[in-house]
């Protein structure tokens with residue numbers, strides 16, 4: 001329901017000023033803050049001026065609307081010709097030398113309610129502003145309000161202009177104050193960004209260091225485990241000869257000493273075996289051989305293998321419960337047996353008396369669950385996860401008497417994952433533990449598993465391609481690990497035919513060639529590559545098991561190395577090639593220094609060299625002078641904004657075909673995004689995801705923008 005407060009006729013220009021005064025005065029009496037008073041007065045003045053100027057006059061009604069929301073309403077009606085192209089005005093598409101339409105859009109933003117009706121016989125505009133909270137609960141005395149309005153005479157126009165100037169000065173002062181606060185905030189953000197950039201650089205360095213340490217550890221374990229096995233086997237065999245008295249009797253003291261030697265060698269051999277198994281998993285090389293077997297026969301074999309562990313301890317009973325009849329599996333029996341042996345051996349070591357019980361049952365779905373339960377010392381809940389970490393052994397009185405490697409449980413977990421299952425633990429200190437292995441009854445994977453990611457031949461346009469002619473998947477995986485996180489990408493070719501095909505499409509930075517491929521000899525290929533005119537200037541490095549450097553050099557090899565290749569050797573030579581290589585230029589146009597710094601850091605280890613421009617005009621000059629391979633363009637820049645730069649680049653012949661990537665923090669609407677996409681422009685948001693994710697998005701944006709890597713190899717035969 002609406003209650004009238006005041007009516008005004010718009011007959012003279014003075015009435016427009018009066019309408020502004022009355023609107024502000026009523027807003028003040030209704031409890032609006034000064035800023036809202038100015039908004040209401042400005043909106044009423046704009047609509048009143050439109051009515052007077054375009055319709056020759058009209059009428060203004062000030063009302064109070066009650067209901068769910070209390071509103072201060074202003075109705076402005078006239079009998080003019082109405083608005084032409086009203087819809088275009090409201091959508092912001094209408095332009096006029098008189099400015100009509102711009103004021104209406106401004107009024108709509110200033111008020112909470114805005115309605116407009118227009119016809120050839122006149123127009124009606126309704127404005128509304130929600131009453132302030134302190135006025136909503138208290139009933140208004142309309143009579144007193146009307147009395148106050150009547151008692152206060154209208155001010156002259158000069159007084160209104162003076163008041164308006166005061167308000168403008170206050171607004172300017174507030175804008176200046178906020179500008180100072182914003183400047184200070186920007187300085188603080190810049191300092192924070194520098195700190196974040198430094199932190200990211202430090203984290204990247206730490207991550208690279210940890211990755212290299214992990215790779216070195218795996219290689220060391222794999223290589224040294226093999227080296228240890230031969231002397232250990234010799235020590236155990238010689239000790240066995242001495243203990244069997246094959247070369248004569250031993251004194252009791254000598255017998256004891258040789259027994260100690262043999263026991264130490266057996267313990268060390270157990271550690272070496274666990275290390276080798278763990279290194280195989282970490283290096284990505286594990287072979288699974290699924291076969292069908294019964295759980296009953298598996299238990300029988302385990303019982304026989306583990307009986308010697310109970311020979312000197314009658315206080316412990318090892319019990320294998322009868323499995324369900326006909327329970328069979330099709331998986332790698334040796335791997336299942338290895339996990340259960342680890343579980344049972346640990347249970348026997350850490351159980352002083354009682355029993356160790358082994359069971360098998362049908363699990364959820366088509367799975368089988370093996371459980372090894374003991375009555376031993378138990379494990380605290382906070383250590384359940386720690387015991388599955390490498391070389392972790394818990395302190396206890398029992399631990400001091402029975403030594404272990406600390407590798408059995410980590411290896412068991414990884415083997416279980418390879419079989420498609422997992423391990424779990426339930427334990428209570430002083431009451432015992434139960435280790436469970438749950439695996440699919442039928443292994444669904446391939447009979448031979450390469451436990452590592454496949455090296456992809458897809459070309460990464462941001463990195464230098466390196467063609468590796470190598471048929472061994474594990475060796476390819478090592479090359480991929482060596483070059484991960486660098487500006488180089490492995491392009492694998494597992495045959496001569498594949499190498500020829502790749503060279504038709506890609507011109508690599510270098511070619512790494514193994515001589516002994518399966519069923520092929522690549523000595524002839526080496527000579528063929530060196531004679532090909534299309535491959536001129538591409539160095540060929542022979543990395544192989546065959547130590548024939550003289551022949552390789554004679555056929556034209558630029559470098560020779562006997563496997564295994566060292567990462568430092570490989571990177572040193574690749575970096576040397578990059579320094580001689582002409583890198584492709586990309587231009588970054590962005591007024592924000594930190595954004596340029598972050599993008600430049602992202603491109604640091606790629607095939608690109610970065611040019612920087614801090615504004616649109618400088619960016620246009622550099623683009624025309626250097627003609628970069630791609631342009632990264634920010635939208636929000638002072639002076640010449642990103643869209644204007646884009647249009648200027650597209651207008652010039654020398655820059656029209658340059659791929660452009662919009663790199664902005666500006667939230668793009670659907671229409672803006674579609675318009676940019678139609679111009680073959682890619683969009684890369686300003687975000688800080690992990691480096692691998694950021695590089696993937698960068699590659700995708702370059703491809704969408706139309707960037708293609710440098711020259712291809714072409715036909716060489």
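Multiplying the residue separation of residue 593 and residue 53 by 0.36 nm and removing their Cα-Cα distance gives an extension gain of 189.4 nm. The distance separating the Cα centre of the range 527-546 from that of the range 313-392 comes to 55 Å.
Its relative contact order, with pairs defined as Cα atoms under 8 Å and 6+ residues apart, puts the range 1-104 at 29 percent. Each of the peptides 342-353, 527-538 was scored by the mean count of other Cβ atoms within 10 Å over its residues; in descending order, highest first, they stand as 342-353, 527-538. Each peptide in 81-92, 179-190 gets a packing score, the mean of other Cβ atoms within 10 Å over its residues, and the list from highest to lowest is 81-92, 179-190.
Put simply, when 670-677, 637-644 are sorted by average Cβ atoms within 10 angstrom per residue, most first, you get 637-644, 670-677. The label-point distance for residue 245 and residue 546, in a model that sets each label 7 Å from Cα toward Cβ, rounds to 5.7 nm. Footprinting exposure proxy ranking of 44, 258, fewest other C-beta atoms within 10 angstrom first, gives 258, 44.
Relative contact order of the range 464-580, taken over Cα pairs closer than 8 Å and 6 or more residues apart, is 23 percent.
FYI, it's all coordinate maths here, none of it is from the lab. Quantities reported herein were computed from a predicted structural model and do not represent experimental measurements. Here the Cβ is made from the backbone with ideal geometry for all residues, glycine too, and neighbour counts use every protein chain on show.
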